[in-house]
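Accompanying notes for the structure given below.
The values are calculated or read from the model by the stated rules, or taken from the named source; none is laboratory data. These numbers come from a predicted model, not from an experiment. Methodologically, a virtual Cβ is constructed for each residue, glycine included, from the backbone with ideal geometry; neighbour enumeration extends over all protein chains shown.
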């Protein structure tokens, strides 16, 4: 066609030139796009933390801001902030039957006030990464089994056993401890956890869940990570890291210990633990989807053609496998078992993903304004104190008093 429908797109997949999304966009333009007269053009590659602010600047027409794109990556919170009345409702272009091909919890995450404004493309969750070489020695000496990590009780038991075996090293670094405390509480029927932009401090189940994690922290069984737990696993500071599943990209093939010796990481993975005996196992879901600004029907239709193409079973699985995210098409998940992963760690990752998808209900991030700044303040104060807790315990302060001190820090943020 002489004058194709041009669509500008902002995305968050890889700020390097050969990002998997850019390769797919080129392929689309050369095939279906050429045939149907649709041309996609990347006008901004950024990251999911920054894109919301950049979109607001563009919308406000700030000096130096980029032009608003037709299509863009966003979290539900970013989409809400832009005003859903300005965004395409994908339900106008996809039938209920079309949407039934996608993982239900992922679809749900993009619905705001009954409108499907965020279309699922890729998702991440949280899970445990372990240094397999070190774990093998620990298991040989203690009889430890990965299946113990299925519950938080088992997780804390293994953490204590590892600290004793390793003569004082923490078992696991946690990236988002509050999220884990929340899920553990929700699985035990805590009900509503939030009040204003922080927690309902009178919720007893939430407090009990916090104290479980706090005791392990005070004993030195676990740590709050410096920023991303993979750094602590890669230097042998901890045996394991618990954080975003998308962090697999940042795990190296070798662990380098402080004395400069190295050994293969032989990365092992385990699903996120659950509250023992819970009837409602949950898994966190994070990750952006694609939104489109309302402009013309022609552009919205062209965007829908691209989304259909992008999330077809095989393509969705290949894109997910390239980026370390979960696919969003149920058929892509079902095809994981036969997918020829090049690295064993990725095979293990996708086996764990499949296990988690079958057993758990995905839970969206709470989009509470002002929450993240408070969480960061709490993590910073705990990082400063965590190094001293085991010594203070040895010097005679009680476990309960120190755990209570961490709860007070949480309350001070309210």
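Things worth noting here:
- The set of residues from region 12-22 being surrounded by 14 or more Cβ atoms within 10 Å (Cβ to Cβ) and either at pLDDT 95 or above or out of contact with any helix residue (DSSP H, G or I) (no Cβ under 8 Å at 6 or more places or on another chain) (or both) comprises 19, 22.
- Only listed residue being out of contact with any helix residue (DSSP H, G or I) (no Cβ under 8 Å at 6 or more places or on another chain), assigned to a loop (DSSP other than H, G, I, E, B) and without any contact (Cβ under 8 Å) to a residue 60 or more places away in the chain, chosen from 58, 49, 65: 49
- Close pairs from region 394-414: first touching a residue at least 60 places away in the same chain (Cβ under 8 Å), partner assigned to a loop (DSSP other than H, G, I, E, B), Cβ under 6 Å, at least 6 apart: 411/201
- Matching option when the condition is free of Cβ contacts under 8 Å to residues at least 60 places away in the same chain, touching a strand residue (DSSP E or B) at 6+ places or on another chain (Cβ under 6 Å) and at negative phi, among 147, 124, 190, 225: 225
- Only one entry of 116, 164 meets the criterion of being in the same structural domain as residue 386 (by TED's automatic domain parsing) and either farther than 30 Å from residue 413 by Cα or modelled with pLDDT under 95 (or both), and that entry is 164.
- Qualifying residue in region 16-24 (condition: free of Cβ contacts under 8 Å to residues at least 40 places away in the same chain, outside any strand (DSSP E or B), closer than 21 Å to residue 325 by Cα and in contact with a strand residue (DSSP E or B) (Cβ under 8 Å, 6 or more places away or on another chain)): yes
- Selection count, region 324-371, where residues are in contact with a helix residue (DSSP H, G or I) (Cβ under 7 Å, 6 or more places away or on another chain), without any contact (Cβ under 8 Å) to a residue 60 or more places away in the chain and not in a loop (DSSP other than H, G, I, E, B): 4
- Test: residue in region 89-104 that is over 18 Å from residue 288 (Cα atoms), surrounded by 15 or more Cβ atoms within 10 Å (Cβ to Cβ) and within 25 Å of the chain's Cα centre (by Cα): yes
- Exactly one residue out of 246, 270, 276 is in contact with a helix residue (DSSP H, G or I) (Cβ under 9 Å, 6 or more places away or on another chain) and in a loop (DSSP other than H, G, I, E, B), and it is 276.
- Criterion applied to 127, 146, 186 was being within 23 Å of the chain's Cα centre (by Cα) and surrounded by 22 or more Cβ atoms within 10 Å (Cβ to Cβ), and the one residue passing it is 127.
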